[in-house]
1. Please list, by residue number, every one of the chymotrypsin sites (Phe, Trp or Tyr not before Pro) in the stretch 108-155 that is coil in DSSP and has at most 15 other beta-carbon atoms within 10 Å.
2. Could you work out the helix-only [θ] at 222 nm for the chain, with each DSSP H run of four or more residues adding -39,500 (n - 2.57) and the total divided by the number of residues, to the nearest 500 deg cm²/dmol?
3. Tell me the Kirkwood hydrodynamic radius of the stretch 43-161 in angstroms, computed as one over the mean inverse distance between distinct C-alpha pairs.
4. GNM on the chain, C-alpha springs below 10 Å: top fluctuator among Leu311, Leu273, Leu320?
5. Could you give the C-alpha radius of gyration of the stretch 210-330 expressed as a fraction of 2.2 N^0.38 Å, taking N as the number of residues it contains?
6. For a quick check, take a GNM of the chain with Cα springs below 10 Å and name the residue from Lys309, Lys121, Lys79 with the largest mean-square fluctuation.
7. Can you pull the percent of the chain's accessible area that's carbon plus sulfur, 1.4 Å probe, other chains left in place?
8. Mind putting a number on the dipole of the stretch 213-308 about its Cα centre? Charges go on the C-beta only, +1 for Lys and Arg and -1 for Asp and Glu, and I need it in Debye to the nearest 20.
Amino acid sequence: MKYRKRTLSCAPMMDWTDRHCRVFHRQITRHTWLYTEMVTTGALVYGDVERHLRYDAVEHPVALQLGGSDPADLAKSAKLGEQYGYDEINLNCGCPSERVQKGAFGACLMGEPQLVADCIKAMRDAVSIDVTVKHRIGIDYNEEYGFVRDFIGTIADAGCRTFIVHARNAVLKGLSPKENREIPPLRYEVAYQLKREFPELEIIINGGIKTDEEIALHLQHVDGVMLGREAYHNPWVMATWDRRFYGDTEAPLQSRQQVLEAMIPYVAEQLRLYGQHGLKLNSITRHMLGIMTGLPGARAFRQVLSDSKRLAGGDPGLLLEAAARMPVAA
């Protein structure tokens, strides 16, 4: 199926954007591109492929983000992703954590553009779907525009047409992943300049973006916008996107409660299928804690969905019980 372009997307986030989170987000927006958590090539080449790659068909368009630096292993993993029906393969060149660095991938790959180009070429030779790159605008304290310009130029020569630009540097030593999301300054103008210099490429901007107004401003300069933590903690921010940014006038105008009601059959089915393998109700409902953000009663809603005794009962109806704590229908 041919999906609408990547005008908007929800970022890959470790421990957060799992398959349950993505199904929940898809109840809110039809067209926004969704990304998996990063999956390492080792997990796919040597591990449980079904556990790492299974997803629900409702998630489309959905991209598989890979972590790795060996072209052959990435090609194998990308092929598995295509066989499972993912719509895009994305290579992580932006994660700054030391754990990822020890595996010689993530943001440290920006220091080896030719290796990244070899990886991209190997994956493109293996699959027919899009292969994209998510990266930072620099590593450590090198803020020279030429660094990221040359990185993109080298990867583009290998056939990559889409770049997701987290508009901060990644400091590889001395800053935690959390600090790397906050301390290096955001420099959106770098992404804008990249689009001007490479007009034929799809440039998507990421980092610190929270509102529709900010999205609209960025879309005057680049092709797409990716939100991460804001979309997770305040998922209702996505409720207007299909109509405002994709022009889908048939997108349903639904309430937060209707979204929760739509999730109940999914939750029940997942517990039936995987409850015996250790899946708990909280594994799914934890992604929904932010849906009432900003409304009176949101705290009471979260308290119900965080009650360990009620969660232990495994009743999907807890979602409606939590919604009933809201003073007005949301």
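1. Values: sites: Tyr141, Tyr145, Phe147, Phe151; in loops: Tyr141.
The qualifying sites are Tyr141.
2. On the way: 17 runs with 138 residues, N = 330.
Dividing the helical sum by the residues of the chain leaves -11500 deg cm²/dmol.
3. Details: mean 1/r = 0.0684 Å⁻¹.
The Cα-based Kirkwood calculation yields 14.6 Å.
4. Evaluated over the chain, the most mobile residue of the options is Leu273.
5. Working: Rg = 16.4 Å, N = 121, 2.2 N^0.38 = 13.6 Å.
My calculation over the Cα atoms of the stretch 210-330 gives 1.20.
6. Lys309
7. On the way: 7190 of 14410 Å².
Here it works out to 50 percent.
8. Numbers: 9 positive and 10 negative charges, 99 e Å.
For this selection, approximately 480 debye.
The values are calculated or read from the model by the stated rules, or taken from the named source; none is laboratory data. Here the structure is a predicted model, which means the values were calculated and not measured. Every residue, glycine as well, gets a Cβ built from its backbone with ideal geometry; the counts of neighbours run over all protein chains shown. Surface accessibility is based on the protein's heavy atoms, side chains included, excluding ligands, DNA and RNA. Shrake-Rupley method; radii C 1.70, N 1.55, O 1.52, S 1.80 Å.
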